[in-house]
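Notes for the one structure printed next.
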Amino acid sequence: MDEHLVHEAVAFFRAEPGFQRLIEKMIKKYQSLGRLGGTVVLTNLKPAEKEALGGFLRRDLTRQVSISLSVEKFSEALGQTKFAPVSLLKLLEGFEEGSLLTQSELFSIKEHEREEVITRLRQRYNDSWCQRWLGLIADKHPSTRWLWAYFEQNPSLFTHWMEHVLNALSTLHASEKFQRLPVLARSVTKDPHGFDQGTEQGRLLVNALTLLWLQEQGSRMKDAEVHVPQSAEVSRRTSEVLTEIFLHFGLLRDDILNFCTCTGVMGLDAGGVAIPFWREAYRQKAVLNLPLREVVKVERFAAGASGANKAVYVVENSGVFSALLDYWNEMRGAEPYPALICLHGQAKLATLVLLDKLIAEGVTLRYSGDFDPEGLLIAERLLLRYPGKVRLWRYSIEEYRLALSHKRISDTRLKQLRKIKSIEFQNLAHEMEHTGRAGYQEGILELLKEDLI
């Protein structure tokens, strides 16, 4: 075939704007079918298209707004022109400036390119954390498929981001100290915001640490819980889970604003000796708002001065927390406070770390919260996190009726009760759904006071 004629045909059809959409659709049809065939449809025909296609097909298209044209018919019309020796396939390849590849062939090429990238990275990064994450990507773990969208946009930039994340994983694994996220980001990417959650590199780092954590936990937590917030509640829960995952790998997101409120607990060194600051705080009956920074550096925590007291009281609301301490002062005077912790409506990571260390010393938690869906979900989280180590404190149907308010619980919030699986709450959740009203700790405050004393 005369190559000059092929070039002339390509130049002719390329110069005519009325043929552009049709030829692009025929190319996609070929890639989809893997052969020449099928039918293409053009809607909202433009005047230039009506004129060019009408003349080419020898049809009057002036009144038409769309056209359905088989690839075979176009090929036949091409055979009636001076470009008859040029096959339709040659014409389409000329437009693509190379051989036309089917979708299957394109997928195979992309797949090979991806595999090459991961292979090179696995050869370069020998750290076990890096190898485990790259292995999950290579095995096409469902939670890693989305990251290839970055590769499609810019393969070299994707590789650059991956190198940053892998360097961060290697640094974290090799370090014996906690790393702060902005400091790590500055060290690895030269930008303290390089691993911020809204950035591509930040999302990749979250993916790596989350999958490594789930692998270690043997958990089947849904990715949505740590990746795709659907509401304010899930967003807050997502942030808490992510902070905990980061801490697990020695990475601190915010160790100042994340705090816990407590009194009556004793910080101990590795040998079990009371730390002077904590001993004095206990003696002075101080209420402490402890940032995560302070909690993580204490080796052990005990309930009370000697740790002989194995009960730790946990309440949801700060008003109840203060009222209990006021009553203690009234009844017990200068006697040190019992171990009491306030969640302020939710267990932040600093509180969970403190509770983890108290549980490790053999304590039992006694938890009291509000009688609403959110309160029950908080309590269930503690029951699941510390199986056999949590005792519900005044959390029965009888106490619910005493604490009952006139405040109605919305239908949306009531549906949250159906998420509760713990057998301890089945009857209470059913009663709350039937009643449709919230109960608050303040309504059973006198009972809590008596129990504490």
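The values are calculated or read from the model by the stated rules, or taken from the named source; none is laboratory data. All values reported here derive from a predicted model rather than from experimental measurement. Quick reminder, even Gly has a Cβ in these numbers, built from the backbone with ideal geometry, and neighbours come from all protein chains shown.
Would you kindly identify the helices (runs of 4 or more DSSP H) lying entirely within segment 78-163 that contain at least 3 residues that are among the aromatic types (Phe, Trp, Tyr)?
Hits in segment 78-163: 148-153.
Could you identify the single residue in Glu399, Glu431 that is under 23 Å from Ala311 (Cβ atoms), touching a helix residue (DSSP H, G or I) at 6+ places or on another chain (Cβ under 7 Å) and either assigned by TED's automatic domain parsing to the domain that holds Glu240 or surrounded by 12 or more Cβ atoms within 10 Å (Cβ to Cβ) (or both)?
Glu399
Could you please let me know if Ser108 is without any contact (Cβ under 8 Å) to a residue 24 or more places away in the chain, within 30 Å of Arg132 (Cα to Cα) and out of contact with any helix residue (DSSP H, G or I) (no Cβ under 8 Å at 6 or more places or on another chain)?
For Ser108, the condition - without any contact (Cβ under 8 Å) to a residue 24 or more places away in the chain, within 30 Å of Arg132 (Cα to Cα) and out of contact with any helix residue (DSSP H, G or I) (no Cβ under 8 Å at 6 or more places or on another chain) - is met.
If you go through segment 19-39, how many residues are farther than 12 Å from Leu92 by Cβ and modelled with pLDDT of 85 or more?
The qualifying residues number 5.
Determine which single condition Arg413 fails, assuming it passes every other condition in (1) within 26 Å of Glu240 (Cβ to Cβ); (2) out of contact with any helix residue (DSSP H, G or I) (no Cβ under 6 Å at 6 or more places or on another chain).
Just one mismatch for Arg413, condition (2).
Out of (1) of a type in the set (A, V, I, L, M, F, W, C); (2) in contact with a Phe, Trp or Tyr (Cβ under 7 Å, 6 or more places away or on another chain); (3) assigned by TED's automatic domain parsing to the domain that holds Phe246, what's the single condition that is false for Leu92?
Single failed check for Leu92: (3).
Select from segment 292-313 the residues that are farther than 18 Å from Glu280 by Cβ and buried (at least 22 other Cβ atoms within 10 Å of the Cβ) and write down the one among them that is modelled with the lowest pLDDT.
Leu292
Spot the failing condition for Gln284; the list is (1) under 22 Å from Asp451 (Cα atoms); (2) over 38 Å from the mean Cα position of the chain (by Cα), and only one is missed.
(1)
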